[in-house]
Amino acid sequence: VSNIELYQCSHPPKQNLNPKLQNPIPTEKLLKKSEEPAEVVDVKAFAATAAAKAITDGTTNETEQLTTDEIRDRISQEMWTQPAQDNKTPAFRAKFVKALSCGTVSVESTGVVRDVLHFLSGVNYFKIFLVVFVFFNIWVFLLVLSLMGTGFMLLGGKDSARMFDVVDNPISGVMIGILATVLVQSSSTTTSIIVSLVGANELSVHNAVFMVMGANIGTSVTNTIVAMGHFSNKDDLRRGFSAATVHDVFNLLCVAVFLPINWIYPIFEKMTYEMAKRQTACEDDCVKREFLKPYISPYSKGVASYDKKVSGYISQGYCGGQCGVSFSPGQMKAIQQVVCASNGTDCRNIHKRYEGSWVAEGYLSEKRAPAYITTDAAGTATAGFSYTCPADVDCAAGTTMFFDGTEPPIALLPNTVYEVCGAKVKTGLCDLRLLKGGLAYDRWNMSDQGAGALIAVMSLLGLCSCLLCIVYALQIVIKGAAARILRKVVGFNGYLNIIVGLGITILVQSSSITTATLTPIAAVGLITLEDMLPLTLGANIGTCLTGIMGATVVATNPVEAWQVALVHLFFNIFGTLLWYPIPRMRQIPLNAARFLGRMTTHPRIGKFFPLIYLFVVFLMIPGACYGIAMAATK
Amino acid sequence: VGPEGEGDAAMVMLCLTFVSAAGILVYGESAQAHADRNPETLATKPRSDRQGFAREV
């Protein structure tokens with residue numbers, strides 16, 4: 001009994017008064033319904049060919065061991081590794097040689113000129129153009145990532161600078177690390193910010209460790225967005241999404257293992273402290289060496305530049321004021337003894353925004369010195385800390401100097417206003433605009449929020465456009481011989497792939513670029529998931545170099561800054577050692593990524609699954625945790 | 001190139017990328033439509049790939 005007959009038996013034509021429905025069902029429709037899906041036909045045809053070939057060659061049929069998805073990956077691979085039909089015809093080459101030599105040389109001639117012209121006639125100039133086009137798009141991609149970071153920072157406003165303030169437990173640390181990295185689109189940038197905050201005593205190493213773990217997860221958002229570019233082809237989307245999410249899964253698994261361990265016993269802090277305890281602060285030539293940023297940053301800043309100082313003032317709590325006078329440690333000790341309670345040991349009373357980080361190396365930081373100190377009737381000044389001139393006092397008319405020469409006063413007079421930093425306190429630092437230059441500021445006269453929104457939208461569109469161009473060009477360039485070479489290189493050895501991923505990432509200083517460029521190639525099946533995992537692991541380790549380079553130029557707290565940079569490195573190295581060398585362990589991230597890839601083929605939610613995944617993993621969960629942490633802090 | 005020139009250059013690069021992407025989308029669609037009408041081209045592709053994004057140019 002054929003499928004058609006079965007279908008007709010189970011679906012007898014219904015009697016209906018509607019004349020349109022009374023017509024019999026056309027045979028074509030019945031045939032269509034009974035036809036096997038095209039994918040199944042392809043797989044069966046490939047399996048049959050492979051079986052026939054195995055019988056002819058007298059070898060075992062490897063296809064029998066493969067799953068349907070794996071067979072489909074092989075079909076795609078074969079399609080791409082077949083010789084590209086772009087060889088120039090002999091007639092074209094003859095014409096080319098004749099035209100370029102103005103008819104003096106023919107293809108049958110002999111000599112160097114003929115050989116050179118014949119060689120030139122065989123060159124595929126379109127492919128060369130596309131290779132240049134790919135490099136151009138990679139450059140624009142980096143520019144767009146930089147612009148996106150600026151756009152989101154401007155859009156987030158000044159309050160986003162306080163994001164790091166609510167880190168008070170490991171979970172919120174991880175979530176803020178994820179959110180910050182998703183917003184600036186670079187784990188290198190987040191890690192550098194974390195390193196500088198630790199260097200400036202604004203963040204403890206303990207909290208920074210968990211934020212670095214979050215930054216590692218957040219960085220994998222870019223290639224997941226890239227994979228979504230393949231939504232028009234179900235198989236490409238499955239492969240691309242698997243290749244992209246293997247990075248996410250690996251990082252999530254590492255955090256799942258190392259977060260509780262480090263929470264129970266701070267192994268990373270202890271280990272890296274022993275390694276970094278002899279590091280000294282950068283004294284001269286403290287310029288961070290960067291490979292690609294000098295070629296990207298001027299163009300990004302030309303469109304819009306973001307005043308990092310403002311966010312620094314906000315995150316470091318200089319909104320009240322910042323003393324511009326340089327005091328000696330002895331002078332700071334004298335100020336501290338006068339303004340802080342318990343004979344200068346408890347400074348919590350001095351300012352409503354006082355934080356523990358105001359004290360550096362046992363003294364109140366010199367930039368935190370007050371403008372004026374007011375003594376009460378008893379001659380004590382523990383409540384008289386102020387950044388502005390106290391009310392009912394004419395400071396312009398002159399006040400008593402706290403330091404007469406270099407000596408602090410022996411005894412304070414009652415009801416007296418002492419000038420410490422005086423008019424040299426800079427106030428209103430947090431009232432400055434975040435947008436400080438570029439076309440958006442100079443020519444378009446935009447507000448911070450407006451410029452942020454425009455640049456965020458523009459960069460998102462730019463990101464999609466770049467990816468489309470890269471994918472399209474790569475698919476033409478790679479086809480044929482290049483695809484066969486690529487297959488041989490990436491399929492040679494997994495450990496070599498780690499080194500390749502590491503090397504590329506060190507060169508471009510961005511794991512996002514490495515993984516985002518490899519994802520479209522994985523989507524067409526040329527890089528298998530098994531090959532993609534080590535490449536990703538290499539990229540993960542390679543991106544740690546940026547943090548290490550940031551630590552080399554830290555002028556204060558070098559040990560802590562080095563600790564954070566080394567934590568990032570060892571977190572990734574330990575993760576690689578845990579999840580890669582043992583084949584059974586390796587299968588955990590691979591299977592999880594395969595599962596996520598298969599979810600994109602789900603008949604109902606398949607095409608929306610990547611979007612749902614992105615929203616839930618990178619925005620909803622971290623955002624909710626951040627909200628809870630913020631509410632708890634308040 | 002001055003600071004403003006760099007901003008302008010960046011905007012030109014971005015616009016070039018937008019135009020290239022739009023061109024690829026339009027050209028890709030028309031190439032796909034053309035390939036789907038050509039039985040010889042169609043026969044070389046896997047069946048499930050025939051409705052996909054145009055890869056052949």
Within region A:54-70, considering residues that are farther than 23 Å from A:ASP235 by Cβ and assigned to a helix (DSSP H, G or I), the one nearest to the other protein chains (Cβ to nearest Cβ) | A:ALA54
Per the filter on region A:451-505, residues of a type in the set (S, T, N, Q), more than 11 Å from chain B (Cβ to nearest Cβ) and in a helix (DSSP H, G or I) are A:ASN497, A:THR505
Are any residues in region A:564-587 closer than 12 Å to A:ASN251 by Cα and not in a helix (DSSP H, G or I), and if so, which ones?
-> none
Looking at region A:75-101, which of its residues are at pLDDT 80 or above and surrounded by 11 or more Cβ atoms within 10 Å (Cβ to Cβ)?
-> A:ILE75, A:PHE92, A:ARG93, A:ALA94, A:LYS95, A:PHE96, A:VAL97, A:LYS98, A:ALA99, A:LEU100, A:SER101
Give A:LYS479, A:LYS488, A:LYS436 a once-over and let me know the one that is in contact with a Phe, Trp or Tyr (Cβ under 6 Å, 6 or more places away or on another chain) and of a type in the set (Lys, Arg).
-> A:LYS479
First in region A:241-261 and of a type in the set (Phe, Trp, Tyr), second anywhere and outside any helix (DSSP H, G or I), Cβ under 6 Å, 6 or more apart | A:PHE241/A:THR600
Of the residues in region A:423-450, those that are in contact with a strand residue (DSSP E or B) (Cβ under 9 Å, 6 or more places away or on another chain), farther than 30 Å from A:THR388 by Cα and either part of a loop (DSSP other than H, G, I, E, B) or among the acidic types (Asp, Glu) (or both) number 2
Which residue, of A:LEU259, A:LEU252, is within 27 Å of A:LEU142 (Cβ to Cβ) and surrounded by fewer than 24 Cβ atoms within 10 Å (Cβ to Cβ)?
-> A:LEU252
Scanning for something within 26 Å of A:TYR313 (Cβ to Cβ) and outside any helix (DSSP H, G or I), does region A:204-216 turn up at least one residue?
-> yes
Search region A:519-536 for residues that are within 25 Å of A:PHE574 (Cα to Cα) and pair each with any residue that is among the hydroxyl-bearing types (Ser, Thr, Tyr) and at pLDDT 85 or above when their beta-carbon atoms are under 6 Å apart and the residues are at least 6 apart or on different chains.
-> A:LEU529/A:SER242; A:THR536/A:THR515
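Go through the residues of region A:553-566 one by one and say whether even a single one is out of contact with any helix residue (DSSP H, G or I) (no Cβ under 8 Å at 6 or more places or on another chain) and within 24 Å of A:LYS234 (Cβ to Cβ).
Within region A:553-566 (the criterion being out of contact with any helix residue (DSSP H, G or I) (no Cβ under 8 Å at 6 or more places or on another chain) and within 24 Å of A:LYS234 (Cβ to Cβ)), the answer is no, since none of the residues qualifies.
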Selection from region A:447-460 of residues that are surrounded by 15 or more Cβ atoms within 10 Å (Cβ to Cβ) and touching a residue at least 24 places away in the same chain (Cβ under 8 Å) = A:ASP448, A:ALA451, A:GLY452, A:ALA453, A:LEU454, A:ILE455, A:ALA456, A:MET458, A:SER459, A:LEU460
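The values are calculated or read from the model by the stated rules, or taken from the named source; none is laboratory data. As the structure is a prediction and not an experimental result, all values here were calculated from the model. Cβ coordinates were reconstructed from backbone atoms using ideal geometry, including for glycine residues, and neighbour counts include every protein chain displayed.
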